[in-house]
Amino acid sequence: DPRESLAYKLRKILMMKTRETLCTDPYVVDDRLTPYDEVLKRSDLLVIAAPHPDYATVDTDKPVIDMWGLTGQGVRV
């Protein structure tokens, strides 16, 4: 259910503070969201704000803010 997606709420907050904000959610189809692979390529910083299993194995050398501690490589908030 897209109404439960944290991506929309977080996107709205971050858009006020950043030059560009990309959001993805593997369980929601919406033109405002960016495909996962594109987010990984284009981002300077990744914020994992939902405990989706897809995010637990993110393979990146970019800084990660991992609010759920899924990856074991990011900052847990």
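The values are calculated or read from the model by the stated rules, or taken from the named source; none is laboratory data. Fair warning: this is a prediction, and the values are worked out from it, not measured in the lab. Virtual Cβ from ideal backbone geometry, glycine too; neighbours counted across all protein chains shown. These accessible areas exclude ligands, DNA and RNA; they are computed on the full protein's heavy atoms, side chains included. Shrake-Rupley method; radii C 1.70, N 1.55, O 1.52, S 1.80 Å.
Using the Cα centre of the chain as the reference point, and only Cβ charges (+1 on K/R, -1 on D/E), how large is the resulting charge dipole? Debye, rounded to the nearest 20.
Details: 11 positive and 13 negative charges, 88 e Å.
Roughly 420 debye, rounded to the nearest 20.
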query = Say a site is exposed when it is one of the trypsin sites (Lys or Arg not before Pro), sits in a DSSP loop, and has at most 14 other Cβ atoms within 10 Å; what is then the longest site-free stretch of the chain?
reply = 33-75
message = I want to verify a result. In a Gaussian network model of the chain, Cα cutoff 10 Å, which of these has the top mean-square fluctuation: VAL64, VAL28, VAL39?
response = VAL28
query = What per residue convex hull volume, in Å³, do the alpha-carbon atoms of the chain yield?
reply = 94 Å³
remark   = Of the accessible area of the chain, computed with a 1.4 Å probe and all protein chains kept, carbon and sulfur make up a percent value of 54 percent
ask   = If the cut-off is 20 Å between C-alpha atoms, which lysines fall inside it for LYS62, apart from same-chain ones fewer than 8 positions away?
value = LYS17, LYS41
